[in-house]
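Report on the structure given below.
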Amino acid sequence: MKIVLGSDHAGIDLRQWLVEQLTKKGHACQEVGAPDTSSYDYPDASDELVHVLARKDADYGILICGTGIGVSIRANRYPHTRCALCTTEYMAAMAREHNDANVLALGARVLGTEQALAIVETFLSTDASQVPRHQARVRKLDAPI
Ligand code: RB5
């Protein structure tokens with residue numbers, strides 16, 4: 001899979017570690033956002049990542065900041081971006097199955113690295129539900145307000 005990972009300064013260590021793990025598993029990873037650990041505004045990472053997805057240069061996005069909250073709020077301002085902040089594998093499975101989320105948000109100051117990887121693996125390996133009621137609800141998520 002082609003995955004774009006973006007973060008601010010608070011998420012860069014987890015981002016780089018996840019890139020190593022996902023690359024070992026055969027995924028093609030692209031990074032956006034903070035270039036190093038100096039202060040970086042998290043909405044900018046979301047903007048960059050959403051544009052990569054809009055160009056169809058990646059299948060899924062992973063956004064990381066301290067809590068995962070700021071990056072997810074910004075990403076969800078964009079149409080056709082369904083960003084889910086997940087703290088458990090169950091949430092990651094449901095985010096894909098019921099919400100057809102295309103972006104996963106993680107909190108680097110909330111999760112341990114192995115916990116984050118387990119959430120990422122669940123997210124990437126779960127398909128969106130084909131059940132019509134779930135598909136109809138996802139269409140409503142993307143409907144104009
Ligand atoms: C940065 O200190 C922190 O505010 C940011 O990483 C994130 O947690 C915002 O939601």
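Read the figures in this text as sums done on the coordinates, not as results from a lab. Remember, it's a predicted structure, so these values are computed and weren't measured experimentally.
Looking at the square roots a ≥ b ≥ c of the eigenvalues of the Cα gyration tensor of the stretch 64-145, which shape do they give, rounded for a/c under 1.5, prolate if a/b is larger than b/c, or oblate? Note, shape of the stretch 64-145 comes out oblate.
In the chain, helices alone account for a calculated mean residue ellipticity at 222 nm of -14000 deg cm²/dmol, with every DSSP H run of four or more residues adding -39,500 (n - 2.57). Over the chain, the pair-distance histogram of Cα-Cα distances with 10 Å bins from zero comes to 13, 46, 34, 7, 0 percent, rounded to whole numbers. Per-residue Karplus couplings for the stretch 121-136, computed as 6.51 cos²θ - 1.76 cosθ + 1.60 with θ equal to phi - 60°, are listed in order as 4, 5, 4, 6, 9, 9, 8, 5, 5, 9, 5, x, 5, 6, 5, 5 Hz, Gly and Pro entered as x.
Straight-line reach from Lys2: taking Cα to Cα under 15 Å and skipping same-chain neighbours fewer than 8 places apart, the aspartates and glutamates in range are Glu20, Glu31, Asp57, Asp59, Glu121. Would you give the gap between the C-alpha center of the stretch 1-79 and the C-alpha center of the stretch 103-145, rounded to a whole Å? One Cα centre to the other: 15 Å. Would you work out if the stretch 1-86 is rounded, prolate or oblate? Take a ≥ b ≥ c from the square roots of the eigenvalues of the alpha-carbon gyration tensor; rounded if a/c is under 1.5, else prolate when a/b is larger than b/c, oblate otherwise. Note, shape of the stretch 1-86 comes out oblate.
Our summary gives the chain a relative contact order of 22 percent, counting only alpha carbon pairs under 8 angstrom and 6 or more residues apart.
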